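Beneath this line is the structure, given in C-alpha cells, with notes to follow.
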Amino acid sequence: MNLQGYVLGNPTTTPHDDYNYRIPFAYMKALISQKQYESIKTNCKGEYINVDPNNTLCVNDLHTVTDCIQKIYTGHILEPTCSLTSPKPVGSKLDSSLLEEDAIHLLSLTQIPELWCRSYNYIFSYIWANNETVQRALHIREGTIREWVRCNESLSYTDDVFSTLEYHRNLVKKGYRILIYIGDHDMVIPHISTYAWIESLNLTIATDWGPWFVDGQIAGYTMESYYKKSQLTYATVKGAGHTAPEYKPKECFAMVNRWFAYYPL
C-alpha cells in the first residue's frame, strides 16, 4: 500500500490519559474552580481514573467535581444536554422504538423548539439514510445493509489495544505526512490530552504554536513538527466539539484542503 500520510480528528489515543485530562480541561474551561482543581490534583496526585477507594480525600473531591460537570454535554461543552437522543444499543441490537418515538415527536411539532439540540440532526439522519430512495441515489446495493446506524457496534471482537501511541511513534519514522486536528470545546477527547502525547514524541518544532485563519478570522491554533522526512501538523479548531467538521465544516474544509495541497494552514 503506497501510504503517503494520514489524518486523524479528535482521536482516542490512550483512553486512560485522554479521560484523565478531562479534569484539567474542566478547570481550564472554568467548569470547576481553582480551589477545587488544586484540591483534587493534590489529593488524587493527578490520577482521576484508577482511584484508590481508601483515599477518602480524593474520592470526596471526585464527587464534588462530578457534581459540577456530570450534566455538561461532553461532545461540546457549550451546547445543551438533551433528553432526545439517537437510539442507544440495547444488548446487541438498537432500540429502534427510541428512534421512532423521538422522530414522531419532532415531526409532530408545529414549531421548532426554542432549545435546539444537536441530537435532532442524528435522529433525522436515521430517517434519511434508511430511506429507499436515498439509498438508490447513493447506489447502495440492495440487501447489503439491513439498517443504517450512526455508530455500528455490531462487530464482535476482543478489544486488546489499550493505546495507539506506539503506532504513532513507528509511523512517524516512516516519512509520512500527518495531520491531527481537534475541536477545542470537546471534553470527550480534550485537546490538551492530544497535545501532550504529540509532545511526548519529542519531534523537532518547525513552526511553533500560532493561529490559523479562515476569511481573516482565527479558526484555531496550529504547530508543525518533524522527524527526518515526516511532518506532523497539529491543529485545534476554535469553537468545535467532538467530530470537529460537524461543528465547523467551513473551517475544517479549509484546513484539510490546504493540508492536501501542501500549503501551511
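The values are calculated or read from the model by the stated rules, or taken from the named source; none is laboratory data. Keep in mind that what you see is a predicted model, and the values were worked out from it rather than measured. Backbone-built Cβ (ideal geometry, glycine too); neighbour counts: all protein chains shown. Just so you know, the surface numbers come from the protein's heavy atoms only, side chains and all, with ligands and any DNA or RNA stripped out. Shrake-Rupley method; radii C 1.70, N 1.55, O 1.52, S 1.80 Å.
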When the stretch 134-154 is checked residue by residue, the ones that are under 18 Å from Asn121 (Cα atoms), of a type in the set (A, V, I, L, M) and either at pLDDT 90 or above or open to solvent by 70 Å² or more (accessible area, probe 1.4 Å) (or both) are Val134
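Going through the stretch 155-181 one residue at a time, which ones are open to solvent by 80 Å² or more (accessible area, probe 1.4 Å) and in a loop (DSSP other than H, G, I, E, B)? First the steps, then the outcome.
Residues of the stretch 155-181 open to solvent by 80 Å² or more (accessible area, probe 1.4 Å): 155-160, 162, 166-167, 170, 173-174.
Residues satisfying the conditions are Leu155, Ser156, Tyr157, Thr158, Asp159, Asp160, Phe162.
Would you be able to say whether some residue in the stretch 239-259 is surrounded by 12 or more Cβ atoms within 10 Å (Cβ to Cβ), under 25 Å from Lys174 (Cα atoms) and of a type in the set (Gly, Ala, Ser)?
As a first pass, look at the stretch 239-259 and keep what is surrounded by 12 or more Cβ atoms within 10 Å (Cβ to Cβ): 239-248, 251-256, 258-259.
If we keep only those that are under 25 Å from Lys174 (Cα atoms) too, we end up with 255-256, 258-259.
Remaining after also requiring of a type in the set (Gly, Ala, Ser): none.
Taking every residue of the stretch 239-259 in turn, none turns out to be surrounded by 12 or more Cβ atoms within 10 Å (Cβ to Cβ), under 25 Å from Lys174 (Cα atoms) and of a type in the set (Gly, Ala, Ser).
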Within the stretch 182-195, residues open to solvent by 10 Å² or more (accessible area, probe 1.4 Å) and touching a Lys or Arg at 6+ places or on another chain (Cβ under 7 Å) come out as Asp184
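Condition first: within 23 Å of the chain's Cα centre (by Cα), open to solvent by less than 20 Å² (accessible area, probe 1.4 Å) and modelled with pLDDT of 95 or more. Can you find one or more residues in the stretch 202-212 that meet it? Talk me through it step by step, then tell me what you get.
Let us first name the residues in the stretch 202-212 that are within 23 Å of the chain's Cα centre (by Cα), namely 209-212.
If we keep only those that are open to solvent by less than 20 Å² (accessible area, probe 1.4 Å) as well, we get 210, 212.
Retained after the next criterion (residues that are modelled with pLDDT of 95 or more): 210, 212.
Yes, because at least one residue in the stretch 202-212 is within 23 Å of the chain's Cα centre (by Cα), open to solvent by less than 20 Å² (accessible area, probe 1.4 Å) and modelled with pLDDT of 95 or more.
Kindly indicate whether any position in the stretch 55-68 is in a loop (DSSP other than H, G, I, E, B) and touching a residue at least 12 places away in the same chain (Cβ under 8 Å). Spell out how you get there, then give the answer.
The initial filter retains those residues of the stretch 55-68 that are in a loop (DSSP other than H, G, I, E, B), namely 55.
Now drop any that are not touching a residue at least 12 places away in the same chain (Cβ under 8 Å), which leaves 55.
Yes, the conditions are met somewhere in the stretch 55-68.
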Counted residues in the stretch 237-255 being under 11 Å from the mean Cα position of the chain (by Cα) and assigned to a loop (DSSP other than H, G, I, E, B) come to 4
Picked from the stretch 45-59 (must be out of contact with any Ser or Thr (no Cβ under 9 Å at 6 or more places or on another chain) and open to solvent by 60 Å² or more (accessible area, probe 1.4 Å)), the residue nearest to His16 (Cα to Cα) is Ile49
Within the stretch 1-44, of all residues that are assigned to a loop (DSSP other than H, G, I, E, B), open to solvent by 70 Å² or more (accessible area, probe 1.4 Å) and over 24 Å from Ile198 (Cβ atoms), the one modelled with the lowest pLDDT is Met1
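Table: residues versus (1) in contact with a strand residue (DSSP E or B) (Cβ under 8 Å, 6 or more places away or on another chain); (2) free of Cβ contacts under 8 Å to residues at least 12 places away in the same chain.
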| position | (1), (2) |
| --- | --- |
| Ile127 | no, no |
| Asn130 | no, no |
| Leu155 | no, yes |
| Arg177 | yes, no |
| Asp184 | yes, no |
| Glu199 | no, yes |
| Ile205 | yes, no |
| Pro211 | yes, yes |
